[in-house]
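Presented below is the structure to which this report refers.
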Amino acid sequence: MEKTFYIIDDHELLRLGTSSYIEKNSSWKSLGSSADSKKALCDLEQFASDGNLPAVVISDLNFYGADTGFDLVSQMHELYPELRIIVYSMFFAPEIVQNTIESGACGYVSKNASSDELLLCMEKVLGGELFVQSELQKKVEQFNSFTDALTRREKEVMGLLLRQFSNDKIADTLCIKKRAVENYISRIYEKTGINDKSELIKRFG
């Protein structure tokens, strides 16, 4: 497979700098970049039509406007299951890393990692491996062990708590009553031994 990549990030200097570094320090070739999900999906559609999908897409999670990186990762994975998606983000909370993997990403590197780690991630996912930055892997394993006893809905609520959503916003996001949110939170604390939201965020946020 040809070693090609495409970058999605709303910071132009970061896009250009990352692309330039990769091409100068490896045999990878850039197929372009975009600042938002709309252009990215249009470009990928054109690449697919031409039979020239990039081997790897490197995407941020945080975009201006209404775009969300989680939704974009899910869309790309659904439309192009063969696409290797790497999330390259400032976020390093284990819950976020785990959610991106569940959404379809096969690699995760935080922007505070070395550039060489991003190159390593690209090589690993090209070879069909799942790669999480070494400093984050242990935290993700601890988080998964910590949440094993939770139901799917409790995990969803916990994830939104870690993103510092209010109870009202969690209720709106999940289309449930605020009282139900409060009950889920109580059960989360009971099952995990966490005392309150601040302790939860301090440990896993």
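The values are calculated or read from the model by the stated rules, or taken from the named source; none is laboratory data. As the structure is a computational prediction, the values presented were derived from the model and not from experiment. Positions of Cβ are generated from backbone atoms using ideal geometry, with glycine treated the same way; all protein chains shown enter the neighbour counts. Accessible surface areas use protein heavy atoms only, side chains included; no ligands, DNA or RNA. Shrake-Rupley method; radii C 1.70, N 1.55, O 1.52, S 1.80 Å.
Number of residues in segment 112-133 that are touching a helix residue (DSSP H, G or I) at 6+ places or on another chain (Cβ under 8 Å), more than 17 Å from VAL73 (Cα to Cα) and not small (Gly, Ala, Ser): the value is 4.
Can you name every residue in segment 71-90 that is open to solvent by 20 Å² or more (accessible area, probe 1.4 Å) and either among the basic types (Lys, Arg) or in contact with a helix residue (DSSP H, G or I) (Cβ under 9 Å, 6 or more places away or on another chain) (or both)? So that I can check it myself, show each step before the final result.
Start the filter on segment 71-90 by keeping residues that are open to solvent by 20 Å² or more (accessible area, probe 1.4 Å), which leaves 71, 74-75, 77-82, 84, 88, 90.
Passing the criteria: ASP71, SER74, GLN75, HIS77, LEU79, TYR80, ARG84, TYR88.
I need the full set of residues from segment 141-160 which are buried (at least 17 other Cβ atoms within 10 Å of the Cβ), at pLDDT below 85 and not polar (S, T, N, Q), in order please. Those that are buried (at least 17 other Cβ atoms within 10 Å of the Cβ), at pLDDT below 85 and not polar (S, T, N, Q): PHE143, PHE146, GLY159. For segment 91-125, name all the residues that are over 12 Å from the mean Cα position of the chain (by Cα), open to solvent by 40 Å² or more (accessible area, probe 1.4 Å) and of a type in the set (A, V, I, L, M, F, W, C). Answer for segment 91-125, where residues must be over 12 Å from the mean Cα position of the chain (by Cα), open to solvent by 40 Å² or more (accessible area, probe 1.4 Å) and of a type in the set (A, V, I, L, M, F, W, C): just LEU120. When segment 15-41 is limited to residues that are in contact (Cβ under 8 Å) with a residue 24 or more places away in the chain, of a type in the set (A, V, I, L, M, F, W, C) and part of a helix (DSSP H, G or I), the one that is nearest to LEU126 (Cα to Cα) turns out to be ILE22. Filter segment 167-205 down to the residues that are open to solvent by 60 Å² or more (accessible area, probe 1.4 Å) and among the small types (Gly, Ala, Ser), then identify the one that is nearest to PRO94 (Cα to Cα). Per the stated criteria, the residue is SER198. Taking the stated definitions as given, is GLY128 more than 30 Å from VAL56 (Cα to Cα) and open to solvent by 30 Å² or more (accessible area, probe 1.4 Å)? Criteria not met by GLY128.
Rundown of residues vs (1) closer than 19 Å to GLU12 by Cα; (2) at pLDDT 95 or above, yes/no style:
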position	(1), (2)
PRO54	no, yes
LEU61	yes, no
TYR64	yes, no
VAL73	no, no
TYR108	no, yes
SER115	yes, no
LEU126	no, yes
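Against the list (1) over 23 Å from SER19 (Cα atoms); (2) assigned to a helix (DSSP H, G or I), the condition ILE194 fails is (2).
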